[in-house]
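To keep things clear, I will list the structure first and then write my remarks on it.
The values are calculated or read from the model by the stated rules, or taken from the named source; none is laboratory data. What you see is a predicted model; the values in this text were computed from it and never measured. Backbone-built Cβ (ideal geometry, glycine too); neighbour counts: all protein chains shown.
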Amino acid sequence: MLKLILSVLFILICIFLIVVILLQEGKSAGLGAISGMADSYWGKNKGRSMEGNLQKFTTIAVVLFMVLALLLNIL
C-alpha cells in the first residue's frame, strides 16, 4: 500500500517537474543577455519574479524526486 502511494506521488512529481522546466526561459533568451539584463531591476530581483519562483519550485521538486526514487528503490 505504501509503495502504491509513493509511486503515485512519484508520477505526480515527475509531471510537475516536466511542466515547471518547460515553463522556464533559457539562460540566453533573446537580446537581454547581450544588453546586460543582469544589471537591470528585473535581474537583481529575480527571486521575487515568476522565474525565481519557478527555480525554487524546480529545486524542491528535484529533491523530492530524488528522495522518492531512492525510497522506491529500497522498498
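Given (1) surrounded by 14 or more Cβ atoms within 10 Å (Cβ to Cβ); (2) at pLDDT 95 or above, where does residue 66 come up short, assuming only one miss?
(1)
Answer yes if at least one residue in the stretch 1-17 is exposed (fewer than 13 other Cβ atoms within 10 Å of the Cβ), at pLDDT below 95 and more than 30 Å from residue 73 (Cα to Cα), and no otherwise.
No, every residue in the stretch 1-17 fails to be exposed (fewer than 13 other Cβ atoms within 10 Å of the Cβ), at pLDDT below 95 and more than 30 Å from residue 73 (Cα to Cα).
Please specify each residue of the stretch 25-59 satisfying the condition of being modelled with pLDDT of 90 or more and out of contact with any Gly (no Cβ under 9 Å at 6 or more places or on another chain).
Within the stretch 25-59, 54, 57, 58, 59 qualify.
When both residues are 6+ apart or on different chains and their Cβ atoms are under 8 Å apart, which pairs have a first residue that lies in the stretch 1-24 and is without any contact (Cβ under 8 Å) to a residue 40 or more places away in the chain, and a second that is of a type outside the set (A, V, I, L, M, F, W, C)?
21/58; 24/51; 24/55; 24/58
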